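The values are calculated or read from the model by the stated rules, or taken from the named source; none is laboratory data. Owing to the predicted nature of the structure, the values given are computational and were not obtained by experimental measurement. As a convention, Cβ positions derive from the backbone with ideal geometry for all residues, glycine included, and neighbour counts pool all protein chains shown.
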Amino acid sequence: MIEYNRQSWWKTVCSYRGTALPGALNRVAIFVLYAVVIQTTMSALESSSWGISHRMISLDPVAHAVLGSLLGFLIVFRMNASNNRYWEGRQLWGTIINSCRNITRFGVERSKDGEELSGLVAAYAISVKQSLRGSRDVSEAAVYVTEDVLRTTERFGNLPTGMAAAISSWIVRNQQTGEIDSLMAHQMEEFLGKLGDAQGGCERIQKTPLPFVYVAMIKQLVLVYLLTLPLVLFDRCGWWSPLMVAVVALGLFGMEEASVETEDPFGIAENCLDLDTFTVTIARDCGQLAARAATRNETV
């Protein structure tokens, strides 16, 4: 996720990194070249002795404007759907961060094994991040848990489920030893349930793309619109038509590219959510909670 100065208008306008330009410029260039070919062809036909009039070839701008209005509506729908997925993903990760803090804070205050719990919670957050990115690499979590926990977790088809099971085992074990009572164990399981609900919400976003029929229709209409746009502009704009096509194509392809990038907010693209920072924050806060509780217990 790119951090930027919201007050710096010119710096944002002149940015290239993190914008839709890298993904859209190649397609824009293709349609600009296409517009140049159309304009050259039409100019040659008009100046030839074949008697071909521009009225025989040009398209009705009103009908084309109707198509443009429909296309604009569909692209706005596409952008809103992608933006909603992005912000829902951020809200779900906010729930994960808060729930990790709560379950650790609650557990370390009542148990002597607080350091183990904080490590399990940090490893759980890391496993969620890796799972959402389509990876089963648990090496990052190895710092926080034992090899036995890692081996057991790797047997699960879903890594976070394995880590959540390890946290449940910690709760049961401490309940059996009397460190926490049944009411406390129930409350901790509620915190763990919130983690599972947030994880499930993230997986729903990650594994359920927008319906193909919508995405395909938008791309097809963009193609039709841009292929016919030079036939509307060549007579009215002349050699300015390639520039007009470039501006329109950049707008259409740019908005579509931005929608594609934000549709899956858990990837590694520059505009995706910064899951690395989220997991580091969880590991830091959980570790500090455990260290504080351990220091207090030693003092007592």
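Take segment 238-294 and flag every residue that is among the charged types (D, E, K, R) and at pLDDT below 90.
GLU256, GLU257, GLU261, GLU263, ASP264, GLU270, ARG292 - these are the residues of segment 238-294 that are among the charged types (D, E, K, R) and at pLDDT below 90.
Filter segment 169-197 down to the residues that are in a helix (DSSP H, G or I) and hydroxyl-bearing (Ser, Thr, Tyr), then identify the one that is farthest from ARG133 (Cα to Cα).
Within segment 169-197, the match that is farthest from ARG133 (Cα to Cα) is SER182.
Would you point out the residue of segment 56-73, among those that are surrounded by 14 or more Cβ atoms within 10 Å (Cβ to Cβ) and among the hydrophobic types (A, V, I, L, M, F, W, C), that is farthest from ARG204 (Cα to Cα)?
Applying the filter and picking the extreme gives ILE57.
Looking at ALA166, ALA122, which is the one that is crowded, with 20+ Cβ neighbours inside 10 Å and either touching a residue at least 60 places away in the same chain (Cβ under 8 Å) or assigned to a loop (DSSP other than H, G, I, E, B) (or both)?
ALA122
Here are LEU226, LEU210: which of them is touching a residue at least 12 places away in the same chain (Cβ under 8 Å), surrounded by 13 or more Cβ atoms within 10 Å (Cβ to Cβ) and part of a loop (DSSP other than H, G, I, E, B)?
When all the criteria are applied, what remains is LEU210.
Would it be correct to say that VAL232 is surrounded by 15 or more Cβ atoms within 10 Å (Cβ to Cβ), in contact (Cβ under 8 Å) with a residue 40 or more places away in the chain and either farther than 30 Å from PHE31 by Cβ or touching an Asp or Glu at 6+ places or on another chain (Cβ under 9 Å) (or both)?
yes
Can you report the number of residues in segment 245-262 which are in contact with a Leu (Cβ under 9 Å, 6 or more places away or on another chain), surrounded by fewer than 20 Cβ atoms within 10 Å (Cβ to Cβ) and touching a residue at least 60 places away in the same chain (Cβ under 8 Å)? If you could, list the steps in order and put the result at the bottom.
Just the residues of segment 245-262 that are in contact with a Leu (Cβ under 9 Å, 6 or more places away or on another chain), to begin with: 245, 248-250, 252-254, 257, 259.
Now drop any that are not surrounded by fewer than 20 Cβ atoms within 10 Å (Cβ to Cβ), which leaves 248, 250, 254, 257.
With touching a residue at least 60 places away in the same chain (Cβ under 8 Å) added as a condition, the list becomes 250, 254, 257.
Within segment 245-262, residues that are in contact with a Leu (Cβ under 9 Å, 6 or more places away or on another chain), surrounded by fewer than 20 Cβ atoms within 10 Å (Cβ to Cβ) and touching a residue at least 60 places away in the same chain (Cβ under 8 Å) number 3.
State the number of residues belonging to segment 79-106 that are surrounded by 17 or more Cβ atoms within 10 Å (Cβ to Cβ) and more than 22 Å from LEU132 (Cβ to Cβ).
Within segment 79-106, residues that are surrounded by 17 or more Cβ atoms within 10 Å (Cβ to Cβ) and more than 22 Å from LEU132 (Cβ to Cβ) number 2.
Determine if segment 191-203 includes at least one residue that is under 19 Å from TRP93 (Cα atoms), surrounded by 15 or more Cβ atoms within 10 Å (Cβ to Cβ) and aromatic (Phe, Trp, Tyr).
yes
Kindly provide the set of residues from segment 260-283 that are in a helix (DSSP H, G or I) and either touching a helix residue (DSSP H, G or I) at 6+ places or on another chain (Cβ under 6 Å) or farther than 14 Å from ALA123 by Cβ (or both), ordered by number. Working first, answer last.
Looking only at segment 260-283, we keep the residues that are in a helix (DSSP H, G or I), and these are 260-263, 275-283.
VAL260, GLU261, THR262, GLU263, LEU275, ASP276, THR277, PHE278, THR279, THR281, ILE282, ALA283 - these are the residues of segment 260-283 that are in a helix (DSSP H, G or I) and either touching a helix residue (DSSP H, G or I) at 6+ places or on another chain (Cβ under 6 Å) or farther than 14 Å from ALA123 by Cβ (or both).
Only one of GLY94, GLY107, GLY89 is small (Gly, Ala, Ser), outside any loop (DSSP other than H, G, I, E, B), out of contact with any Pro (no Cβ under 9 Å at 6 or more places or on another chain) and closer than 15 Å to PHE266 by Cβ. Can you tell me which? It would help to see each step written out before you state the result.
Details: GLY107 fails: closer than 15 Å to PHE266 by Cβ; GLY89 fails: out of contact with any Pro (no Cβ under 9 Å at 6 or more places or on another chain).
Testing whether each residue is small (Gly, Ala, Ser), outside any loop (DSSP other than H, G, I, E, B), out of contact with any Pro (no Cβ under 9 Å at 6 or more places or on another chain) and closer than 15 Å to PHE266 by Cβ leaves just GLY94.
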